[in-house]
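Q: Got a structure for you, written out below as structure tokens; questions coming shortly.
The values are calculated or read from the model by the stated rules, or taken from the named source; none is laboratory data. Source: prediction; values computed, not measured. Accessible surface areas use protein heavy atoms only, side chains included; no ligands, DNA or RNA. Shrake-Rupley method; radii C 1.70, N 1.55, O 1.52, S 1.80 Å.
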Amino acid sequence: MAAGAVLYEKRQDVAVVTLNRPEVLNAFTPAMLGELSGALGRAGDEGCRALVLTGAGRGFSAGQDLDSIKDDYQRGGPDFVALLRDGFHPVVRRLREAPMPVLAAVIGVAAGAGLSLALACDTRIAAENARFTTAFTRIGLVPDSGMAYTLPRLVGMARASQLIAAAAPIDAATALQYGLVDRVVPAEKLMEEALAQAESLARGPTRAFVLSRRLLDFAQEHSLEETLVLEAQLQAEAGATADHRNAVAAFLRKEQASFEGR
Ligand code: T3D
């Protein structure tokens with residue numbers, strides 16, 4: 001594992017990517033976002049079949065590092081377009097287009113763009129001590145890094161509007177009740193549980209998982225007719241995988257299917 005603002009570890013078929021600036025609750029600088037993007041790409045290059053995104057120390061991430069951009073305010077203000085275009089947006093795309101299922105393991109606080117990145121993952125497991133805040137409007141900004149896309153889809157428009165306007169922290173139990181996270185576990189068990197879930201996903205039909213994500217995302221924005229067209233294409237793609245053929249053969253033999261992600 002190479003030390004840096006983002007740690008990368010391959011544990012058999014599972015990549016573990018850890019945000020690693022614990023002294024500032026893993027707040028993001030542009031360089032760190034570049035490292036994160038690189039780590040997500042590396043997991044794909046190395047054929048990982050599931051990925052866990054987590055944070056070192058007592059938080060998941062506090063979003064944009066506000067200290068790192070403070071001097072920009074003396075010079076007319078940060079270049080928000082560049083910060084998003086070159087920093088956060090490539091990471092959001094990497095997460096939504098990852099060639100494997102991606103699980104966020106949230107310890108402590110997830111705020112601002114830190115929460116946005118957790119929401120861009122396929123699934124979220126939270127420690128009992130997790131806290132979630134949209135944070136953006138607290139500093140007079142709009143939600144970014146995809147939050148306006150992901151949050152209403154997870155919790156509904158009314159609740160998303162409330163969470164963005166109030167920007168008050170909610171605890172893990174409330175996040176579970178809202179559908180913001182899928183599971184809450186004791187903090188000391190978070191990584192063990194996250195890895196077990198990721199290993200289980202990695203043993204599954206990972207191509208079908210990834211194609212399903214693409215179809216679900218597409219269906220949010222397109223008509224039923226358009227979705228039916230894409231579903232047929234993606235089903236043809238899934239149906240041509242060895243995983244599909246082997247699973248059908250195993251079913252017919254009344255055996256348990258095993259999947260290889262191809
Ligand atoms: O600019 C652009 O690129 C546009 C994109 C924006 C995306 C965004 O993410 S905007 C939102 C930015 N984030 C925030 O506004 C959150 C700011 N942080 C907080 O409100 C609080 O720190 C938390 C609620 C997240 C946690 O509170 P708490 O009490 O648990 O911890 P703390 O004591 O406030 O923070 C611990 C340390 O982390 C502290 O440093 P210190 O005093 O020990 O030296 C604090 O300054 C530092 N820290 C926390 N968040 C950030 C940060 N340093 C830099 N940037 C941060 N975002």
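Q: With the calculation restricted to Cα positions, what are the radius of gyration and Dmax of the range 85-193 in angstrom?
A: According to the Cα coordinates of the range 85-193, Rg and Dmax are 13.1, 38 Å.
Q: From the C-alpha gyration tensor of the range 1-68, pull out the three semi-axes of the equivalent ellipsoid (sqrt of 5λ each), sorted largest to smallest, in whole Å.
A: 22, 12, 9
Q: If you restrict to DSSP beta bridges whose two residues both lie in the range 105-262, what percentage is antiparallel, to the nearest 5?
A: Counting only bridges with both partners in the range 105-262, antiparallel ones make up about 20 percent.
Q: If you line up the Cα atoms of the range 116-262 on their principal axes, what length do they span on each, largest first, in Å?
A: 57, 43, 21
Q: Same structure, new question: Using the scaling law 2.2 N^0.38 Å as the reference, what is the normalised Cα Rg of the chain?
A: That works out to 1.04 for the chain.
Q: Note down the relative contact order for the range 120-206 as a percent, whole number, built from C-alpha pairs under 8 angstrom at least six residues apart.
A: Answer for the range 120-206 is 43 percent.
Q: Using only the alpha-carbon atoms of the range 134-190, report the extent along each of the three principal axes, biggest first, to the nearest angstrom.
A: 36, 22, 18
Q: Helix-only mean residue ellipticity at 222 nm, the chain, DSSP H runs n ≥ 4 weighted -39,500 (n - 2.57), per residue, nearest 500. What is it?
A: Value at 222 nm, helices only: -13500 deg cm²/dmol.
Q: Any idea what diffusion coefficient the range 190-262 gets from Stokes-Einstein, in µm²/s, Kirkwood Rh on alpha carbon pairs, 37 °C, 0.692 mPa s?
A: Result for D is 239 µm²/s.
Q: Would you work out what percent of the accessible area of the chain, with all protein chains in place, is carbon or sulfur (probe 1.4 Å)?
A: So the carbon and sulfur contribution to the accessible surface is 54 percent.
Q: I've got another one for you. With the Cα gyration tensor of the range 63-131 in hand, convert its eigenvalues to equivalent ellipsoid semi-axes via √(5λ) and list them largest first in whole Å.
A: That gives 27, 17, 6 Å for the three semi-axes.
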